[in-house]
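Where a number appears in this text, it was derived from the coordinates with a stated rule and is not lab data. Note that the structure is predicted; figures quoted are calculated from it, not measured.
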Amino acid sequence: MAAKTVVFAEDLSDEDLETVLRIAKEAFMQSPAGGAVFAALASAIRRSADKELGGGWSVCVGRKFGAFVTQRIKAYGYFSVVPGVSVLMWK
């Protein structure tokens with residue numbers, strides 16, 4: 001995947017940021033076929049994050065969405081690993 005990763009905002013440790021970016025890239029590389037692609041991607045990212053970083057993650061994936069969330073300290077990331085598609089993760 002040659003797409004440039006863009007981090008718009010984050011409150012994560014360096015290790016956790018690398019982990020969530022890797023998880024998201026892997027999910028997009030295994031992109032599901034069918035109708036609810038963004039929902040399937042969000043679910044896959046959430047399952048992997050819960051397994052690797054502990055449970056309680058929420059994930060939104062899409063082209064256009066707005067969000068106002070309250071998160072734990074060091075548990076928030078808003079980024080893009082594919083041009084035009086954003087990922088919002090928080091705990």
> When the chain is treated as a GNM, springs tying every alpha-carbon pair under 10 Å, which of ALA27, ALA44, ALA67 comes out with the largest mean-square fluctuation?
Replying inline: ALA67
> Which angle from 0 to 90°, rounded to the nearest 10, does the C-alpha axis of helix 37-53 make with the longest principal axis of the chain?
Replying inline: 40
>> Among PHE68, PHE28, PHE38, which one shows the highest mean-square fluctuation when the chain is modelled as a Gaussian network with alpha-carbon springs under 10 Å?
In response: PHE68
> If you work out log10 I(q)/I(0) by the Debye sum over Cα atoms at q = 0.14, 0.15 Å⁻¹ from the coordinates, which of (i) -0.60, -0.65; (ii) -0.43, -0.50; (iii) -0.74, -0.77 do you get?
Replying inline: (ii)
> Going by a ≥ b ≥ c, the root eigenvalues of the Cα gyration tensor, does the range 45-91 fall in the rounded group (a/c under 1.5), the prolate group (a/b larger than b/c) or the oblate group?
Replying inline: oblate
>> Output the 0 to 90 degree angle, nearest 10, between the alpha-carbon long axis of helix 14-29 and the longest principal axis computed from the alpha carbons of the chain.
In response: 20
